[in-house]
1. Which of Val71, Ala34, Gly19 sits closest to the plus end of the dipole of the chain, meaning its Cα is farthest towards the positive end, when Lys and Arg get +1 and Asp and Glu get -1 on the C-beta?
2. Please identify which residues in region 38-52 have an amide N closer than 15 Å to a label point set 7 Å out from the Cα of Asn58, following the Cα→Cβ vector.
3. Relative to the longest principal Cα axis of the chain, at what angle does helix 62-85 sit, 0 to 90 degrees, rounded to 10?
4. Quick one: angle between helix 15-50 and the longest Cα principal axis of the chain, in degrees between 0 and 90, rounded to 10, please.
5. Expressed in nm to one decimal, what extension gain is obtained for the pair Leu17 and Gln66 from 0.36 nm per residue of sequence separation less their Cα-Cα distance?
6. What is the Å³ per residue value for the convex hull set by the Cα atoms of the chain?
Amino acid sequence: MADIEKINPTEIVSTELLGDLRKIIDTARSHVAATANYELTAMYWHIGDRINRDVLKNERAEYGKQIVATVAHCKRSTERRDLKREPSVE
């Protein structure tokens with residue numbers, strides 16, 4: 001037992017091995033995040049699809065028309081404001 005306590009971990013585990021282990025862990029984390037994002041997106045799409053079919057009966061909701069109009073208005077306002085801010089070219 002005393003011999004095990006005297007062993008320095010850096011003598012057993014190489015820098016290359018540690019780097020490879022980090023890559024394996026990082027890759028797995030990336031795959032988990034991508035899978036979770038995919039599943040969340042699919043879930044929200046299915047929820048919206050059910051609401052569209054069951055509640056809205058496949059017709060556009062009235063509030064949708066207002067949202068589109070509001071977004072269009074905001075976009076035009078932002079474009080006008082940005083044009084006013086642009087310095088004149090001489």
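Values quoted throughout were computed directly from the atomic coordinates according to the rules given, and no laboratory measurement underlies them. The shown structure was predicted, so the numbers you read here are calculated from the model rather than taken from an experiment. Here Cβ is always computed from backbone atoms with ideal geometry, including for glycine, and neighbour counts include all displayed protein chains.
1. Toward the positive end, the furthest listed residue is Val71.
2. Zone members listed by number: 49-52.
3. Approximately 80 degrees, to the nearest 10.
4. 30
5. Working: separation 49, 0.36 × 49 = 17.64 nm, distance 5.82 nm.
Full extension of this stretch gives 11.8 nm more.
6. 276
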